[in-house]
Amino acid sequence: PSKTASLDPTARSKKLLALQANDAPASTISAYLPGVCRDVPIRQYFHARTSLPMLSRDEWNEDSDGEADDEWLREMSTEMLDEFEDVSGREKEFFKLWNKFMQSKYVIADRDVPRRCHEFVRGHGEE
């Protein structure tokens, strides 16, 4: 279980002022508002992948290291490919298809690459 501490009103006010002075996100500040939450974490914990502050007890009990939400990575990759001007539309679509395929597979060593290439051609050869 997570360790929490009850802040006395003076400590809560100081913490709230410090967070506001440093332009902390509203979600972080709200945890220190009177009447919202009496127990606050002894330390500020952050989500392992998103780096967002973790505020609720439910979040503290879950291990965020095991989560895999790479949708933002796929979107950024697609946007960056679309910015190329010296590549045709068909080539961009091929690159996107290849990147999506490779992101769904794990290639640990160079010896894995030929097998993954064959899988890609078998799965997408008609496209």
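The values are calculated or read from the model by the stated rules, or taken from the named source; none is laboratory data. All of these numbers come straight from a predicted model, not from anything done at the bench. Cβ placement follows ideal geometry from the backbone for every residue including glycine, while neighbour counts extend to all protein chains displayed. Each accessible area value is taken on the protein alone, full model and side chains, heavy atoms only, with ligands, DNA and RNA left out. Shrake-Rupley method; radii C 1.70, N 1.55, O 1.52, S 1.80 Å.
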Starting from the Cα of V113, step 7 Å along the direction of its Cβ; do the same at D82; then give the gap between the two resulting points in nm. 3.0 nm
Probe radius 1.4 Å, ligands and nucleic acids left out: which of K100, K15, K92 has the largest accessible area, and how do the rest follow? K100, K15, K92
